[in-house]
Each structure stands twice: as C-alpha cells, then as structure tokens.
Amino acid sequence: MNQAVDTARAAELLAAEALALDMRRWDDWLALYTPDAVFWMPSWKNEDDLVDDPESEMSLFYYTSRADLEDRVWRLRQQRSAASRPLLRTVHGASNLVLLPGDGAGPGRRELRAAWTCHVFHPKRNTANVFF
C-alpha cells in the first residue's frame, strides 16, 4: 500500500483506541488487538533514551498477548486493580505519527512511532495530571 494511506489508517486506529479507552468501551478496545498482539509502552532509561528490552528493563506497560490485555480488562471490571480504584477519567491523544518504512517488525507488520499524551483526572483526590 501507499505510505500516506497506511499512515492515515494507523492514525484512525490510534484514534479508535483512544476513544474506546476514554469511554471505557473495553470490548471495543480489545477488538483492536489480535491474539498475538504485544502491547508495550517503554519507560525512560535516562534523560535521553527509552528502554529497548521489555524483558530485562522496566516498562510502563508490557503485555505479551491479547489474553494479557483481557486479564487487565477483567481486573478493571471486577475492581481488582488497586491502582485503578476509583477508575480515573482520561483523555488520550496521539500526534506526530510516523509509520516506519519496510517490514522491520516482521512479516506483515509495521512499526508506528507517535507522540502521545494522557490527561488523567483522579476524582477521589480532585487532581489532574498529564502523562507523555
């Protein structure tokens, strides 16, 4: 496919994901992932570099399959996630999307880079934060 079309489709995917998360439409969010999906959000190793090995370095999120994501949703729905009680209000945003050329992530896969923010309101504490 054309790079511009692929990038536009990737932007639509990220927008659908953000909306599903913000509206707590967990089934819609899960439907975006295949059984072999890897959900990884690296943390910062230092001032300049992100971690590059989720197996040996601390990450913000690292789920190795859709089943792991389903478990996360189950814990949210059952209120078994102490870190998510009460459930925070969020607004996710992604910008500066760059779909890397080639097939470096494996056959039939592409790597997408983006800048993101997550605005979070904690109703119990009446505080707001922005993560990026």
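Annotations for the structure displayed:
- Selection status of TRP116, hydrophobic (A, V, I, L, M, F, W, C) and either in contact with an Asp or Glu (Cβ under 6 Å, 6 or more places away or on another chain) or more than 21 Å from VAL130 (Cα to Cα) (or both): no
- The set of residues in segment 1-53 that are without any contact (Cβ under 8 Å) to a residue 40 or more places away in the chain, β-branched (Val, Ile, Thr) and farther than 21 Å from ALA67 by Cβ comprises VAL5, VAL51.
- Test for ARG77: is it on the phi > 0 side of the Ramachandran plot and not acidic (Asp, Glu): no
Only the coordinates and a few stated rules stand behind these numbers; no lab work does. Predicted model, so just to flag it, every value in this text is computed and none were measured. Every residue, glycine among them, receives a Cβ derived from its backbone with ideal geometry; neighbour counts consider all protein chains shown.
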